[in-house]
Amino acid sequence: MKEILLILLLQLIYVPVLTLRTIFLVKGMSMYASFFGFLEALVYVFGLSLVFSGEQSTVAMVVYAVGFGIGIIIGSYVESFLALGYTTLVVNLTNKNEQLINRLREEGFGVTVFHGEGRDSKRYQLDILTKRNREPELMELIERYEPNAFIISYEARKFKGGYLLHSIKKVKMKGKTNML
């Protein structure tokens with residue numbers, strides 16, 4: 001019974017580590033990916049050796065698979081909690097909502113406004129880049145001011161310059177100054 005519980009525990013560690021390794025790899029953070037890859041391989045080898053040592057019990061194999069499934073849920077939760085990276089929201093509006101734009105800027109979001117032509121009328125497009133962990137807050141603000149807005153969200157992999165980088169550098173410099 002201890003062996004079965006250990007197999008389950010190893011899977012509950014293995015799959016979230018695999019998830020994190022994959023995320024770091026996709027985001028181009030190879031040193032973190034390498035570290036998590038090492039942990040992943042270590043746990044994987046121990047888990048499989050337990051499953052295949054001695055008599056291969058069906059229960060051990062089923063627990064291994066169940067642990068994998070539960071590990072995916074845990075890995076997804078960990079990834080959502082960390083919310084690594086950045087996201088870009090493209091918000092299309094029928095009216096230029098100055099109140100929304102000002103509020104977004106007050107909350108620290110960089111907003112670029114574009115004027116365009118839709119099928120039937122003028123449109124206004126807001127481009128907003130933010131950290132992924134602020135996306136729910138951003139969506140809520142937009143929904144509060146513009147419930148009929150058309151919103152597209154996508155991951156920003158690389159960017160250079162702009163308001164967000166400027167404000168991040170200010171925060172880092174402020175932190176270094178406080179340490180002196």
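At q = 0.12 Å⁻¹, what is the log10 ratio I(q)/I(0) for the chain, with the Debye formula run over Cα points and no solvent?
-0.75
Expressed as a rounded percentage, what relative contact order does the stretch 1-112 have, with Cα pairs under 8 Å and six or more residues apart?
Normalised by residue count, the contact order of the stretch 1-112 is 34 percent.
Per residue, what accessible area does the chain have, given a 1.4 Å probe and all protein chains present, in Å²?
Here the residues of the chain average 67 Å² of exposed surface.
For the stretch 45-108, what value does the Rg/Rh ratio take when both radii are computed over Cα atoms and Rh is the Kirkwood radius, given to two decimals?
A ratio of 1.44.
Could you work out the equivalent-ellipsoid semi-axes for the stretch 1-81, taking the square root of 5 times each eigenvalue of the Cα gyration tensor, largest first, in whole Å?
After scaling each eigenvalue by five and taking roots: 25, 14, 8 Å.
Measuring from the lowest to the highest alpha carbon on each principal axis, how far does the stretch 102-142 reach, largest first, in angstroms?
For the stretch 102-142, the Cα spread along each principal axis is 35, 16, 14 Å.
The values are calculated or read from the model by the stated rules, or taken from the named source; none is laboratory data. All of these numbers come straight from a predicted model, not from anything done at the bench. Surface areas here come from the heavy atoms of the whole protein model, side chains and all, with no ligands, DNA or RNA. Shrake-Rupley method; radii C 1.70, N 1.55, O 1.52, S 1.80 Å.
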